[in-house]
1. Going through the range 150-178 one residue at a time, which ones are in a strand (DSSP E or B) and not aliphatic (A, V, I, L, M)?
2. Inspect the range 273-292 for any residue being in contact with a His (Cβ under 7 Å, 6 or more places away or on another chain), at pLDDT 90 or above, of a type in the set (A, V, I, L, M) and closer than 25 Å to residue 110 by Cα and give the result as yes or no.
3. Can you name the residue in the range 79-107 that is of a type in the set (Lys, Arg) and not in a loop (DSSP other than H, G, I, E, B) and is also farthest from residue 270 (Cα to Cα) among such residues?
4. Suppose the filter is surrounded by fewer than 19 Cβ atoms within 10 Å (Cβ to Cβ), among the hydroxyl-bearing types (Ser, Thr, Tyr) and modelled with pLDDT of 80 or more; does residue 255 pass it?
5. Of these, 167, 127, 216, which one is modelled with pLDDT of 95 or more, over 30 Å from residue 7 (Cβ atoms) and not basic (Lys, Arg)?
6. Tally up the residues in the range 292-308 that are of a type outside the set (D, E, K, R), outside any loop (DSSP other than H, G, I, E, B) and surrounded by fewer than 16 Cβ atoms within 10 Å (Cβ to Cβ), please.
7. Looking at residue 322 and the list (1) assigned to a helix (DSSP H, G or I); (2) of a type outside the set (A, V, I, L, M, F, W, C); (3) without any contact (Cβ under 8 Å) to a residue 60 or more places away in the chain, which single condition is not satisfied?
8. Answer yes or no: is there a residue in the range 188-210 that is assigned by TED's automatic domain parsing to the domain that holds residue 122, surrounded by fewer than 17 Cβ atoms within 10 Å (Cβ to Cβ) and within 14 Å of the chain's Cα centre (by Cα).
Amino acid sequence: MESEGTPLEMVPGIGPVAAKRLREHNIVNAEYLARQSYSELSWGTKLGEATCHKIVTNARELLGYEFQSGLELESSRSSDYKLTTGVEVVDRKLRGGIPTGSLVEVYGPSRGGKSHLMIQLAVRAQLPPEQGGLESNVLWLMTGLSFRSLSVRAAALRYGVDGDTALNNIAVQEVVNREHLQDILKTLPEVMAQTGTRVVVIDSLGGLFQVEYATLCHRSVMEKELAQVMRTLRHITRAGDGVCIYTNQVFEHITNYGGNPNSPMNGHIMRHGSDYRFFLRKRAREKRGLSLQKAPDVPEFDTEIEIGWGGFYPDARERKDSEREIYDMLDGLFPRVPSESEGVEVIG
């Protein structure tokens, strides 16, 4: 399912020199070119603004940027692929999964399972479309230590994917600050085109900006930069026909009036920027609450799921059945050390 898009050379007005400059500026195909600003493109590529206006307009005409009836739009989107979560009750409520071209936010307090869900989706993205995947590699941008190879191997075993293959198909990059993230996003379209990647995971996005812009006097600057990042992710995701999934942290309010005490960081910027917004939180023991709080095509819902080795499950029975095989695999990779209570002498 590799998706490289329409070559730049197919756009009228683009010759070898212009194509080279565009690619040097990480404009890799006509789909991404059509989403550019004339003035910003001119400043970055050193092509004249009139030239940029012409080639961007031509790219939009080539790709059919025009008014369509709702029926025509429905027909054109009927063949869109969807990324499934692997939890039947959730995928059913999503009417088949998350469509390509979507920005997905998952927010919630600590220990809710946000990173576990990211890993589960990163493994499922590698599955073929008939199994609910996108047959895609994954780019994982992490701001902490959320990526865990054992969790990837557990999810891979659950879905019938070789563990080494699953790990090899996920390219991980640590992001140290917001400037580093912005630099990475500039090169992301080229990396995705070269590797056939359609899924990007950012864990976590909101915290980067919250830490570096901690005071109210910097709030407007932070919101502008974050809005630009969200716009860039939108362009990359739509042009690459992929899915971008990112996590967000929460503020916890002390209140006597009930309701949800958890407010997502950078709330209105990320809320308006996302297509699908999930709230994930801990309940009793292995149980987690998952709420869909925003979607363009399905009603909001709230459901309870189970967390364990291999990710999220619809119920405890399926989790326990799957975990038996996963524990055998983990014990084979990393044999368990017996304790003194099991009658084996422990030295040290």
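1. 173, 174
2. So far as the range 273-292 goes, no, none of its residues is in contact with a His (Cβ under 7 Å, 6 or more places away or on another chain), at pLDDT 90 or above, of a type in the set (A, V, I, L, M) and closer than 25 Å to residue 110 by Cα.
3. Among those residues, the one meeting the criterion is 92.
4. Spelling it out, it is not the case that residue 255 is surrounded by fewer than 19 Cβ atoms within 10 Å (Cβ to Cβ), among the hydroxyl-bearing types (Ser, Thr, Tyr) and modelled with pLDDT of 80 or more.
5. 167
6. Looking only at that region, the number is 2.
7. Here residue 322 meets the rest and fails (3).
8. Within the range 188-210 (the criterion being assigned by TED's automatic domain parsing to the domain that holds residue 122, surrounded by fewer than 17 Cβ atoms within 10 Å (Cβ to Cβ) and within 14 Å of the chain's Cα centre (by Cα)), the answer is no, since none of the residues qualifies.
The values are calculated or read from the model by the stated rules, or taken from the named source; none is laboratory data. In this text the structure is predicted, and so the values were computed from the model without any measurement. Using ideal geometry, Cβ is built from the backbone for each residue, glycine included, and neighbour counts are taken over all protein chains shown.
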